[in-house]
Every structure is written in structure tokens, then in C-alpha cells.
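Worksheet: the structure to be examined is printed underneath.
The values are calculated or read from the model by the stated rules, or taken from the named source; none is laboratory data. Remember, it's a predicted structure, so these values are computed and weren't measured experimentally. FYI the Cβ positions are ideal-geometry reconstructions off the backbone, even for glycines, and counts take in every protein chain you see.
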Ligand SMILES: Cc1cc2nc3c(=O)[nH]c(=O)nc-3n(C[C@H](O)[C@H](O)[C@H](O)COP(=O)(O)O)c2cc1C
């Protein structure tokens, strides 16, 4: 059976609502992301074909292998959503059991599924029956609330998902109540990884490539998924691959960050050239430049840019002449 690339030297791009769109995924692939996930997509939104949801499905031949992440609680909608995505050419799916945003959890979706394992299993079964064994992953947190530790109940859920034919699991080892607070519990990742036969991907506090390698060594996980680390610096993937070859990764200095930004702008202009893409770039650029002095001035100037031309002029002024 065809499998997605997983392994120590095959870092994935995590699903990132508002970020992991087509231009960003292509950018991360150019730097070495082995697999990318879409932003989370509402199964119900997809079935009712809202424009915003349809936009999330934009992809390209270069955008492979691609995992479509779905959220939802109702098996009927999840099954229909997978059917629609299969017709559109998608073959890999991920079920979100980790989102802690109130709007999602109120629907019983995301991490709320962890409060009722029968519902969680029914939701996963809906994806698996439509997509087939091995083609579905599940992204978990430790639970909704309570202690930040691997519980026997979560292990049991993970083993049931494995028996049902899940292709891989991902664990972000915090509870939903924690959001992004505290530290990711890598011991929980280690505890789950020894119990599973299928690939376990680690997520959580992987802000630099060095964190990814440390996490792999500490937890024995099959692979890592970069999230905030990739949002801040997409060269994290090439750095990760360099470290796997015992090479010293290049530090992302201003020249490298300028090249990253220009490439992201070019991809955004090519694949979603309207004003929404420009607005998105205005929020992304300050994240890339956050470590550079004068970033506040850059942020203000970027926010005032009303056209791509203006944006490029602002960037050139900041990176090439030191003023914006
Ligand atoms: C802006 C943002 C959007 C996210 N969107 C999603 C999402 O759509 N689906 C999902 O499963 N996780 C989502 N996550 C969680 C990440 O995939 C990841 O599990 C989490 O950030 C922990 O990894 P990190 O500490 O290395 O960033 C999001 C996180 C952030 C910061």
C-alpha cells in the first residue's frame, strides 16, 4: 500500500489555520518539507460549499504529497466531505482532534472529540470508510482538561485508531485547556510512541530545527511536524535535513529572510493574486523579520502598502538600504 513519507529526515508542515495555504506550502516544500497539511477544513462547510471553504482546497501539481485536514463531529458530514475531496483528487486525510478554539469545540469537534471516545471513533471511522485504510491520520492532544500527561484512556484511543487502520497519528502533548500554555510534554510523546506500531508524529514546541532533532531523540517519535517554527522561518526544513546529515545549518540572517519573503510574495502573487493575499502577506512578513532590528518600522510600512509594488518597494528599502 502506498504510504506517506515519514521518518527522521522527513519533516512535515503542520496544519495551520490561516497560514498553511497553497503559497506557504509550496514555499515550505522548496525548503524541504516532505509532506504538507492544509489548514483545517470544516466538513460541514465543505458539504455546503461555502466560498471560504472552497478556497482552502486550492492546490497544484507541485503541492504533493498533501494531506487535507478536516474537522467536524458528525460522521455523515465527514464521510461526504471525504467523498467530495476524493473526487477533487485528494487521497490523504487527517482528522482534527486537537483544535481547542471555542467555536470548533462548541460543535463537539476538534479536541472536544477527546471527551467522548465513542464519538471520536465514529468520526475517524467515517473518514476511514470513505478514504480507505492507511489513508487517514488523526491529530490528537492529551485530552480536554485535567493533568498534562499521557492517560491510559488516550493510549487506548490511539490503539483503537491503529486497529481501525489509521495510517499515522500526531500528538501535540498539551490539553485543550492549556492552549499553547506551559511546555509540550515530550514524555507523553515517548510514552505513546513505544506503544504504537504505526508512525507517530511529534508536534509541540518545535520552534527550531534543533528542537525537532532533540524531540526525535528524546521521544523516539517517527517524525516531526513543524508549526510555529515554520511560520517564523520556513528554512527550518532545510536546517532539519542538514542536521540529519550531521551538517551545520545556515543561520537565517537578513539576506536569507529577505529571499524567503520575496519568494513567498512571488508565490502568493502567482497563486492567489488578489487583495486578500496582499493583506495576508502584510501579517506574515513581520513574523519572518521578527528577529531583525527595526522590525516595528517595517511592520508599519508593510501595513501601509496598498499594492504589491508598494510592498516590494518597502521591502527593498528595509533590506537593501536599511530604511523603510
Ligand atoms: C496559527 C496556528 C494555526 C493552527 N491551526 C491548526 C489547524 O488548522 N489544525 C491543527 O490540527 N492544528 C493547528 N494548529 C496547531 C499546530 O499544528 C501544532 O500542533 C501546534 O502549533 C504545536 O506545535 P508548535 O508548538 O511547534 O507550534 C495551529 C497552530 C497555530 C499556531
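Taking the condition more than 23 Å from residue 272 (Cβ to Cβ), touching a strand residue (DSSP E or B) at 6+ places or on another chain (Cβ under 9 Å) and modelled with pLDDT of 95 or more, does residue 85 pass?
Against the criterion (more than 23 Å from residue 272 (Cβ to Cβ), touching a strand residue (DSSP E or B) at 6+ places or on another chain (Cβ under 9 Å) and modelled with pLDDT of 95 or more), residue 85 does not qualify.
When the residues of the stretch 199-230 are narrowed to those that are touching a helix residue (DSSP H, G or I) at 6+ places or on another chain (Cβ under 8 Å) and over 17 Å from residue 9 (Cα atoms), which ends up surrounded by the fewest Cβ atoms within 10 Å (Cβ to Cβ)? Can you show your working first?
Going through the stretch 199-230, the residues touching a helix residue (DSSP H, G or I) at 6+ places or on another chain (Cβ under 8 Å) turn out to be 200, 202, 204-213, 215, 218-224, 226, 229-230.
Going one step further and asking which of them are over 17 Å from residue 9 (Cα atoms), we end up with 204-205.
Details: 204: 25, 205: 21.
Once the filter is applied, the top-ranked residue is 205.
Which numbered condition trips up residue 42, out of (1) within 24 Å of residue 199 (Cβ to Cβ); (2) within 16 Å of the ligand (Cβ to nearest atom)?
Of everything listed in (1) within 24 Å of residue 199 (Cβ to Cβ); (2) within 16 Å of the ligand (Cβ to nearest atom), residue 42 misses just condition (1).
Determine which member of the set 257, 216, 243 is in a helix (DSSP H, G or I), farther than 30 Å from residue 167 by Cα and modelled with pLDDT of 95 or more. Before you say what the answer is, go through the steps one by one.
Values: 216 fails: farther than 30 Å from residue 167 by Cα; 243 fails: farther than 30 Å from residue 167 by Cα.
It is 257.
How many of the residues in the stretch 223-242 are touching a residue at least 60 places away in the same chain (Cβ under 8 Å) and more than 8 Å from the ligand (Cβ to nearest atom)? Reasoning before the result, please.
Pass one, the stretch 223-242, residues touching a residue at least 60 places away in the same chain (Cβ under 8 Å): 223-227, 230-231, 234-238, 240-241.
Going one step further and asking which of them are more than 8 Å from the ligand (Cβ to nearest atom), we end up with 223-224, 230, 234-238, 240-241.
Residues meeting the conditions: 10.
For residue 313, indicate whether it is more than 30 Å from residue 190 (Cα to Cα) and either in contact (Cβ under 8 Å) with a residue 60 or more places away in the chain or out of contact with any strand residue (DSSP E or B) (no Cβ under 7 Å at 6 or more places or on another chain) (or both). Before you say what the answer is, go through the steps one by one.
Details: more than 30 Å from residue 190 (Cα to Cα): yes; either in contact (Cβ under 8 Å) with a residue 60 or more places away in the chain or out of contact with any strand residue (DSSP E or B) (no Cβ under 7 Å at 6 or more places or on another chain) (or both): yes.
Against the criterion (more than 30 Å from residue 190 (Cα to Cα) and either in contact (Cβ under 8 Å) with a residue 60 or more places away in the chain or out of contact with any strand residue (DSSP E or B) (no Cβ under 7 Å at 6 or more places or on another chain) (or both)), residue 313 qualifies.
Which of the residues that make up the stretch 130-152 are in contact with a helix residue (DSSP H, G or I) (Cβ under 7 Å, 6 or more places away or on another chain) and either surrounded by fewer than 21 Cβ atoms within 10 Å (Cβ to Cβ) or modelled with pLDDT under 95 (or both)?
130, 144, 149 - these are the residues of the stretch 130-152 that are in contact with a helix residue (DSSP H, G or I) (Cβ under 7 Å, 6 or more places away or on another chain) and either surrounded by fewer than 21 Cβ atoms within 10 Å (Cβ to Cβ) or modelled with pLDDT under 95 (or both).
To keep it simple, each residue is scored yes or no on (1) over 23 Å from the mean Cα position of the chain (by Cα); (2) surrounded by 15 or more Cβ atoms within 10 Å (Cβ to Cβ); (3) without any contact (Cβ under 8 Å) to a residue 24 or more places away in the chain; (4) over 22 Å from residue 20 (Cβ atoms).
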site: 263; (1), (2), (3), (4): no, yes, no, no
site: 268; (1), (2), (3), (4): no, yes, no, no
site: 276; (1), (2), (3), (4): no, no, yes, no
site: 286; (1), (2), (3), (4): no, yes, yes, no
site: 292; (1), (2), (3), (4): yes, yes, no, yes
site: 302; (1), (2), (3), (4): yes, yes, yes, no
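Residue-by-condition table, conditions (1) more than 30 Å from residue 62 (Cβ to Cβ); (2) surrounded by fewer than 16 Cβ atoms within 10 Å (Cβ to Cβ):
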position: 271; (1), (2): no, no
position: 296; (1), (2): yes, yes
position: 308; (1), (2): no, no
position: 313; (1), (2): no, yes
position: 318; (1), (2): no, no
